[in-house]
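Here's the structure, in structure tokens; my notes come after.
The values are calculated or read from the model by the stated rules, or taken from the named source; none is laboratory data. Owing to the predicted nature of the structure, the values given are computational and were not obtained by experimental measurement. Reconstructed Cβ throughout: ideal geometry from the backbone, glycine too, with neighbour counts over all protein chains shown.
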Amino acid sequence: MFKNIWTKPHHILQQRSMVSAALIASVFFAASPTMAGNVSRVVASDDAITIHFDDVVNKASIFSLSGPNRIAVDILGATAGGSVTPGGSVAAVRQGQSDTDTARIVFDLAAPALITGGQFSADGRSLRIALRSAASDEFLGSLRGGRTDIVPPSNFRASPPQRRYEVTAPIASGLGGRGLPKIYGPADKSLPLVVIDAGHGGHDPGAISPHNSVREKTVTLAVAKSIRDELIKSGRVRVALTRDNDAFIILQDRFGTARKMGADLFISVHADAAESEQANGATVYTLSETASDREAQRLAARENKANIINGVNLGKVDDNLSSILIDLTQRETMNISADFAKLLLREAKPNLRLRSDSHKFASFVVLKAPDTPSVLFETGYLSNADDAAFLATKAGQQKVARSVASAVQVHFARRLASR
């Protein structure tokens, strides 16, 4: 039978257990004002990399990596997202948050280059990293030097707020102690596993339509269940849902669940909102540390804050997540994700409205599993009356589900053929 030829690759994916989140509520009294800068511009030339900020930052830590050659800069007290201009030895620049307080900028090198020095400007608002070209063996030898820390002038350095005391209370993982979710479909472990993630949930409603008051968390759960049912009909894949009720799950546990289960594909379902009620249509996002446009950047920033309640971050960024920004094993995964995004848009075109620029790139936390192809599917705009009405109906949800199911089947058929 056709279903029996969709087999998983013979290699075993390394799976790391995700760290349980901890709730840390800090109460501040008489705090000194804290300062932090956004990365406003990154420029690379033949002999230097210059990073500009719109305010002072705390510290920079620079290190080199091989395979392929690259330079990474961690900036404490900074937020990534500025414009980039590659040049000289730098072929490409990627940005992201290593954690909530640290921006990471990765420079892919076209040719080996050594870091010969680094210095902040007198006002603390730019960092210049001096470079010189080098032979490959000289570059590899420099890796043994580890990190180099650079601090801005003391009179401009950002000061952390002073805390009188803090209250700490452990909370359970976003899985709520329920363990891994149920797998639906054939009891055949050789079949591909698709994990569907219904965005938002619990105390986090997501977007709320001004037209019919439908909440994003309700729409995404209904659509996720419809996708599950449609995929099960094919008998060719197994399916799991990150949530099957109105539950809150931290972002790291969403893609962490997919990794723990050895998922072959992860699809996060959302329904956007925009300032203009005219904005309409579906969009598929795949991972990139550099957003494709300002809209993608703003959306990712908003979605990535889903872990924060009353200023308290419930999501713990572990070493696995921070290393993703420079982990080149993810590049193949990102390419597979982008291919699936194109398929999904092709299959969705007859069933629902699409944005004219319907494939975008952004740094969504839920897409950062390094070994699980992942997409975030914004099924429409709840701020648009027509989209909100479409997504609130069973018929509309089934059209979305049929589009996804068709794309999934073609995707795995292609993967099989390529092997």
**OP:** State which residue is modelled with the lowest pLDDT when the search covers only the range 319-337 and only residues that are over 14 Å from the mean Cα position of the chain (by Cα) and either of a type outside the set (S, T, N, Q) or surrounded by 15 or more Cβ atoms within 10 Å (Cβ to Cβ) (or both).
**Re:** 319
**OP:** Considering only the range 363-383, state which residues are surrounded by fewer than 24 Cβ atoms within 10 Å (Cβ to Cβ) and over 24 Å from residue 258 (Cβ atoms).
**Re:** 383
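So that you can scan it fast, the table gives a plain yes or no per residue for (1) part of a strand (DSSP E or B); (2) out of contact with any strand residue (DSSP E or B) (no Cβ under 9 Å at 6 or more places or on another chain); (3) outside the structural domain of residue 204 (by TED's automatic domain parsing):
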site	(1), (2), (3)
236	no, yes, no
239	yes, no, no
249	no, no, no
252	no, yes, no
256	no, yes, no
259	no, no, no
271	yes, no, no
277	no, no, no
Original post:
Hey, any hits in the range 376-397 for a residue that's modelled with pLDDT under 95, outside any loop (DSSP other than H, G, I, E, B), assigned by TED's automatic domain parsing to the domain that holds residue 198 and out of contact with any strand residue (DSSP E or B) (no Cβ under 8 Å at 6 or more places or on another chain)?
Top reply: no
Subject >> Pair list, Cβ under 6 Å, 6 or more apart: the range 114-126 residue more than 16 Å from residue 78 (Cα to Cα), other residue part of a loop (DSSP other than H, G, I, E, B) >> reply: 114/134
Original post:
Hey, does the range 216-227 have a residue that's under 24 Å from the mean Cα position of the chain (by Cα), surrounded by 20 or more Cβ atoms within 10 Å (Cβ to Cβ), closer than 19 Å to residue 413 by Cβ and not charged (D, E, K, R)?
Top reply: yes
Original post:
Name the strands (runs of 3 or more DSSP E) wholly within the range 92-177 that hold at least 3 residues that are at pLDDT 90 or above?
Top reply: 102-109, 113-120, 126-133
Original post:
Which members of the range 88-102 meet the condition of being of a type outside the set (Ser, Thr, Tyr) and either buried (at least 18 other Cβ atoms within 10 Å of the Cβ) or on the phi > 0 side of the Ramachandran plot (or both)?
Top reply: 88, 90, 93, 94, 95, 96, 97
